[in-house]
1. Of the residues that sit in segment 28-45 and are within 14 Å of Gln3 (Cβ to Cβ) and touching a helix residue (DSSP H, G or I) at 6+ places or on another chain (Cβ under 6 Å), which one is surrounded by the most Cβ atoms within 10 Å (Cβ to Cβ)?
2. Testing Leu30 on (1) touching a Phe, Trp or Tyr at 6+ places or on another chain (Cβ under 8 Å); (2) assigned to a helix (DSSP H, G or I); (3) hydrophobic (A, V, I, L, M, F, W, C), one condition comes back false. Which one is that?
3. Please go through segment 22-59 and give me each residue that is of a type in the set (Lys, Arg) and either at negative phi or at pLDDT below 95 (or both), ordered by number.
4. List every residue pair whose Cβ atoms lie under 8 Å apart, where the two residues are 6 or more positions apart in sequence or sit on different chains, the first residue falls within segment 39-59 and is within 20 Å of Lys18 (Cβ to Cβ), and the second residue, located anywhere, is open to solvent by less than 90 Å² (accessible area, probe 1.4 Å) and of a type in the set (Gly, Ala, Ser).
5. Would you point out the residue of segment 46-59, among those that are among the aliphatic types (A, V, I, L, M) and farther than 21 Å from Met1 by Cα, that is least open to solvent (accessible area, probe 1.4 Å)?
6. Could you grab me the full set of residues in segment 13-27 that are assigned to a helix (DSSP H, G or I), free of Cβ contacts under 8 Å to residues at least 12 places away in the same chain and closer than 15 Å to Tyr49 by Cα?
7. Trp19 fails exactly one of the following numbered conditions: (1) within 9 Å of the chain's Cα centre (by Cα); (2) open to solvent by 80 Å² or more (accessible area, probe 1.4 Å). What is the number of that condition?
8. Out of the residues in segment 1-12 that are assigned to a helix (DSSP H, G or I) and among the hydroxyl-bearing types (Ser, Thr, Tyr), which is most open to solvent (accessible area, probe 1.4 Å)?
Amino acid sequence: MLQLLTVIEAYTLLRISKWKLYDLIRTKLLDSIQIGRRRFVPMDALRDYVQQSRQRAYA
């Protein structure tokens, strides 16, 4: 089942600012989808971003 997070839920889970989250989306480091005027971040995209960040940190 696909779980979609609101922007608030996503930046709260990552413990970053709203503007940093939008920056990650804008630079295509974090996937998101837009439904109407609302933007959502799939939970899988959040997990992928964290995993990729960890790999970059250990590279």
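1. Across segment 28-45, the extreme among qualifying residues is Val41.
2. (2)
3. Taking segment 22-59 and keeping what is of a type in the set (Lys, Arg), we get 26, 28, 37-39, 47, 54, 56.
Matches in segment 22-59: Arg26, Arg37, Arg38, Arg39, Arg47, Arg54, Arg56.
4. Taking only residues 6 or more apart or on different chains, the pairs are Arg39/Ser32; Phe40/Ser32; Val41/Ala10; Val41/Ser32; Pro42/Ser32; Ala45/Ser32; Leu46/Ala10.
5. Start the filter on segment 46-59 by keeping residues that are among the aliphatic types (A, V, I, L, M), which leaves 46, 50, 57, 59.
After this cut, where a residue has to be farther than 21 Å from Met1 by Cα as well, the list is 57, 59.
Values: Ala57: 77, Ala59: 116 Å².
Residue satisfying both the conditions and the ranking: Ala57.
6. Kept after step one, since they are assigned to a helix (DSSP H, G or I), are these residues of segment 13-27: 13-14, 18-26.
Adding the requirement that they be free of Cβ contacts under 8 Å to residues at least 12 places away in the same chain leaves 18-20, 23, 26.
Listed by number, the residues that qualify are Lys20, Asp23, Arg26.
7. (1)
8. In the first step, residues of segment 1-12 are kept if they are assigned to a helix (DSSP H, G or I); the result is 7-12.
In the following step, the residues that additionally are among the hydroxyl-bearing types (Ser, Thr, Tyr) were identified as 11-12.
Numbers: Tyr11: 55, Thr12: 83 Å².
Filtering segment 1-12 for residues that are assigned to a helix (DSSP H, G or I) and among the hydroxyl-bearing types (Ser, Thr, Tyr), the one most open to solvent (accessible area, probe 1.4 Å) comes out as Thr12.
The values are calculated or read from the model by the stated rules, or taken from the named source; none is laboratory data. Given the structure is predicted, the values throughout are model-derived calculations rather than measurements. When we count neighbours, we look across all protein chains shown, and the Cβ atoms used for this are built from the backbone with ideal geometry, even at glycine. Side chains are part of the model used for accessible areas, which takes the heavy atoms of the whole protein and leaves out ligands, DNA and RNA. Shrake-Rupley method; radii C 1.70, N 1.55, O 1.52, S 1.80 Å.
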